[in-house]
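Please treat every number below as a calculation from the coordinates, not as lab data. Please read all numbers here as calculations on a predicted model, not as lab measurements. So basically every Cβ, Gly included, is an ideal-geometry build from the backbone, and we count neighbours across all protein chains shown.
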Amino acid sequence: MRKTTINWFIEAQTSIYQIKSARIREFFRTNLWENFVGIEKKSVRICAFFSENLREKFKNSAFSLQPSDLKFQLSHFSFLTSKFNVLTFSLLLTLYFPLFTSKSKAQSLDDYLIVAAQNNPGLKASYARYAASKERVGQVSLPDPELRVGFFLTPMERFMGNQQADIQLMQMFPWFGMLSAQKEEANYMALAQYQLFLEEKNQLFFQVKSTWYELHRLNEEIRISKENLEYLKKYERLALIKYQAASPSSGSSAPVERSPATSISGSSAAGASSMNSMGSGTSPMPATSPSSMSGGGMEASSGSGMSDVLQIRIEMKELESNLVQLEADLEPLQIKFNQLLNREIREEIQLAGVLSPASLNEEKLEILDSIKRHNPMLAMYDSEMSAYEQQAKMAKFDGRPMLGAGVNYMPFKPRMEDGMMMGGENMVMPMVTMTLPIYRKKTNAKIRESEYLKEAASLSRQKTENLLTMEWANAFRDWEDAERKIELYTEQVKLVDQTINLLLTAFSSNGRDFTEVLRAQQLLLDYQLKRINAINQQYQSLAMLEMLASSDAQLK
């Protein structure tokens, strides 16, 4: 049995109701999730505080506290009032709930940062260079002593007897303060290399965070695009209902109008006309009959309904193509993220929830001061300048004489002299030596070299500070721009969502303005994607500020 116009109308109303219900569920899901993220952050901080205190309390106890031991019942606790009962139970549930769900929870960004710090080969190489430079401190010591041994093939006749050998042992001592200056210079150079290691670590963490936020952005874009594709499928079904309701049924000349009341009255009139023509035995006039007139309007409505269906399918094809491109863009990001962690390129990446808008707890100039105090590159140049100061001291000490102390041992063998044994007593002679640094050009050149290197380091530090200030200004500009965009697009999404609901209501009543529904849906998708990009821009700016300040920015 063919569906009547009333059935098409009821089915259209049902489809619109399903679309509105899905949109309402999506709205509440998004808002509740953002509120839950804020509550979860506070719960994590409270749990960290209590876990640290519990760990300190039971660290030296005779028992170990395990999550499986934290089983409790309400009957175990007795309180004075029922209100306090509920509040305490809620607090305990908030504290211990993460212990039972930690295994199933996705890995956080901090977990991946730890993996990157442990596995990244570039960071390991930087730390190895620091460890190598630190070994230079142990290389500072006195010059090696000199031992000279000479043997006479033919004993040399001396008054003391025949000399068999000449043995000398000498130890040189640099000028006072030379060794301490060398140690200080090696320490400052090792510290400068350590600052380079910290800079390498900050660069690595920035790349990991940036890729992590890009993965979140792409996943959110894919999710929203899929949801909008489902909406378009429902709209296509709605347009098909409208088209089939407006199309003439085969074997029937009943007109089909948008309004159910009009449709029913038109059908009754057509039936009466048909009965009259049968009773009179004459054929009806096709040019003036109500059926032909309503049929002309019906053909126009049918063409309009089919154009709506085709337009929806065009948008669906474009959205499906965008989805394919987004999924293709996801693979290189996953490979990049795994390579930063030095893992297999197909290793699974678990993203924890969705990114909600963040807010800084520090003022703009406070962040700049933190950058100037803690940035590793500025600290590296400070260490280099201190090292060059020590090098200048070393050059001055090189212009001072070096003192040496030693001993000369000469063994003698007695010899016959006029029938008597003469000599034979060995001789020990203390020795003192001193270098004469008379070539002053060399010493002065070393001093000037150290001064020039110190000046170059100072200028390089000033240049780096200027570059950091520019990067800070750009990052903060992007942060503020992202905040404005998030606020704007959040309001726009709400307004467009309300507009779509009104258009759907209007369409369900008169069957018009379906093209406006499609335009509003496309506009909603555009604003949702722009909001996701704005949130990603905000977190990218936050990652940049954290890298510049070499610390985690304080969030509200």
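If the limit is 29 Å between Cα atoms, which of Lys134/Lys393; Lys124/Lys336; Lys134/Lys364; Lys372/Lys441; Lys242/Lys485; Lys233/Lys336 go over it? Walk me through the numbers on the way to the answer.
Details: Lys134/Lys393 20 Å; Lys124/Lys336 18 Å; Lys134/Lys364 37 Å; Lys372/Lys441 39 Å; Lys242/Lys485 38 Å; Lys233/Lys336 35 Å.
Over 29 Å apart, Cα to Cα: Lys134/Lys364; Lys372/Lys441; Lys242/Lys485; Lys233/Lys336.
Remark: segment 370-495 carries a charge dipole of roughly 480 debye about the Cα centre, counting +1 on each Lys and Arg Cβ and -1 on each Asp and Glu Cβ.
For Glu347 and Glu327, compute 0.36 nm times the residue count separating them, minus their Cα-Cα distance, and round to one decimal in nm.
Details: separation 20, 0.36 × 20 = 7.20 nm, distance 1.65 nm.
Gain on extension, Glu347 to Glu327, equals 5.6 nm.
Placing a label point 7 Å from the Cα of Met421 along the Cα-to-Cβ direction, the residues of segment 150-175 whose backbone N falls under 16 Å from that point are 160-163.
Dipole of segment 122-218 computed with +1 at Lys/Arg Cβ and -1 at Asp/Glu Cβ about the Cα centre; of Leu215, Phe151, Gly138, farthest Cα towards the positive end is Leu215. Measuring spread by the Cα atoms of segment 346-465 yields a radius of gyration and Dmax of 32.9, 111 Å.
Taking a straight line from the alpha carbon of Lys454, these aspartates and glutamates sit under 16 Å away, with near neighbours fewer than eight places off in the same chain left out: Glu184, Glu185, Asp382, Glu384, Glu389.
Where does segment 390-445 land on Rg(C-alpha)/(2.2 N^0.38 Å)? Don't jump to the answer; show the numbers that get you there.
Working: Rg = 21.8 Å, N = 56, 2.2 N^0.38 = 10.2 Å.
Working it through for segment 390-445, the quotient is 2.15.
A dipole drawn for segment 344-396 from +1 and -1 charges on Cβ atoms has a positive end, and of Met394, Gly353, Met380 the residue lying farthest that way is Met394. From the largest down, segment 457-556 spans 77, 24, 13 angstrom on the principal axes of its Cα atoms. Checking every one of the GluC sites (Glu not before Pro) in segment 330-433 against DSSP loop status and a limit of 12 other Cβ atoms within 10 Å picks out Glu344, Glu347, Glu348, Glu363, Glu425. Compute the Rg to Rh ratio over segment 445-513 from the alpha carbon atoms, using the Kirkwood formula for Rh, and round to two decimal places. With Rg and the Kirkwood Rh in hand, the quotient comes to 1.67. Relative to its Kirkwood radius, the Cα radius of gyration of segment 157-199 gives an Rg/Rh of 1.57.
How large is log10 I(q)/I(0) at q = 0.21, 0.27 Å⁻¹ when the Debye formula is applied to the Cα atoms of segment 310-387, each weighted equally and without solvent? Results for segment 310-387 at q = 0.21, 0.27 Å⁻¹ read -0.96, -1.13.
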